[in-house]
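Enquirer: Before we start, here is the structure in question, set down as structure tokens.
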Amino acid sequence: MPIPVYVFTGFLDAGKTKFIQETLEDPRFNAGERTLLLVFEEGEEEYDLSAFPKKNVYQEVLDQDTVTTQQLLALQKKYKAQRVVAELNGMKLVGDLYRRFPEGWAVAQEVMFADASTILQYNANMRNLVVDKLSGCEMVVFNRVAPGGDTMPLHKLARAVNRRVDILYESTDGRSAYDDVQDPLPFDVNAPVIEIHDPDYGLWYRDVSEEPEKYAGKTVRFKGQVARLRRDREGIFAPGRFVMTCCVEDIQFCGIPCKYPEASKLKARSWVTVTAKISAEKHSLYKGELGPILTALSVEPAQPPQEEVVTF
């Protein structure tokens, strides 16, 4: 049986400890499962294990930089843990820890907590860490929101990184509300041919990657650079763009596998305009999940866009 891991991220004093404490005090969540509570960041608040309805929560304080897969597995066996609740260090990258999770540990939920009064400053000074937390979470909770305050900057921050994340605002007066702002896409997904303008490639790439089935059977046209896939030698290439998530250091190429009989004749890094049908299929790039696959209708030479690197 997989070990479900409930992950809580955010920066110091963002409210993670308080939320986890209240969650583990709730008998609906804590009904007797043996729970390994991993604390990778110690703040001013401490856990009160005596307040939990079941004496089945086992706390361990660990260093997120140095913890090993073997240590985590040993703790699981020591406490016969049936699940894991982890409070992560906001100054560390989430993925670095995930890669050290034992085989059989599966992230069941990832929630980010953010202090509304400081998160925009964090984003200005440490955007790579903010993006790291937002990009993988299913929900972000903005707490300490001033009653009647403008939440649009918070909405834009979250949606610029993760279009599917649920957003919850918690005000200092005790009220809470889910974000219900609908952000229209800058292209028409129902058009006979979905035209992706040069600045919008990053947004389209993220949307089609997150919801490939929404695009299945549709036709798209966009400009990209030619890239070859190591495992696919014949009849396929990956047109795409270099995308910057938050800073120059994290620029990466984001391409989509495209079936094209004359792919081997294309020059690497050359610019092309691709018109293609989209399908949702499994590919090694998607690690067993469905992802977008293109079937080229036409591939034509193109001039580079004004900005060769795009952002979200």
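Enquirer: Does Gly32 count as part of a loop (DSSP other than H, G, I, E, B) and open to solvent by 10 Å² or more (accessible area, probe 1.4 Å)?
Expert: yes
Enquirer: Now for a different question. Taking strands (runs of 3 or more DSSP E) that fall entirely within segment 76-191, which contain at least 3 residues that are open to solvent by less than 60 Å² (accessible area, probe 1.4 Å)?
Expert: Those strands (runs of 3 or more DSSP E) span 83-87, 105-115, 139-145, 166-171.
Enquirer: If you scan segment 259-312, which residues turn out to be assigned to a loop (DSSP other than H, G, I, E, B), open to solvent by 60 Å² or more (accessible area, probe 1.4 Å), among the polar types (S, T, N, Q) and touching a residue at least 40 places away in the same chain (Cβ under 8 Å)?
Expert: Gln306
Enquirer: If I go through segment 5-27 residue by residue, how many of them are open to solvent by 20 Å² or more (accessible area, probe 1.4 Å) and either in a helix (DSSP H, G or I) or modelled with pLDDT of 95 or more (or both)?
Expert: Of the residues in segment 5-27, 7 are open to solvent by 20 Å² or more (accessible area, probe 1.4 Å) and either in a helix (DSSP H, G or I) or modelled with pLDDT of 95 or more (or both).
Enquirer: Do we find a residue being in contact (Cβ under 8 Å) with a residue 12 or more places away in the chain, in contact with a strand residue (DSSP E or B) (Cβ under 8 Å, 6 or more places away or on another chain) and within 26 Å of Arg269 (Cβ to Cβ) anywhere in segment 141-162?
Expert: No, every residue in segment 141-162 fails to be in contact (Cβ under 8 Å) with a residue 12 or more places away in the chain, in contact with a strand residue (DSSP E or B) (Cβ under 8 Å, 6 or more places away or on another chain) and within 26 Å of Arg269 (Cβ to Cβ).
Enquirer: Further question on the same structure: Name the residues in segment 35-69 that are free of Cβ contacts under 8 Å to residues at least 12 places away in the same chain, part of a loop (DSSP other than H, G, I, E, B) and over 28 Å from the mean Cα position of the chain (by Cα), would you?
Expert: Lys55
Enquirer: From the set of residues in segment 50-75 that are among the polar types (S, T, N, Q) and open to solvent by 60 Å² or more (accessible area, probe 1.4 Å), which is nearest to Ala31 (Cα to Cα)?
Expert: For segment 50-75, the residue satisfying everything is Ser50.
Enquirer: When only residues in segment 202-233 that are closer than 18 Å to Val274 by Cα and in a loop (DSSP other than H, G, I, E, B) count, which is most open to solvent (accessible area, probe 1.4 Å)?
Expert: By that ranking, first place goes to Arg228.
The values are calculated or read from the model by the stated rules, or taken from the named source; none is laboratory data. None of the values given here were measured: they were computed from a predicted structure. Positions of Cβ are backbone-derived with ideal geometry, glycine not excepted, and every protein chain shown enters the neighbour counts. Calculation scope for accessible area: heavy atoms of the full protein, side chains included, ligands and nucleic acids excluded. Shrake-Rupley method; radii C 1.70, N 1.55, O 1.52, S 1.80 Å.
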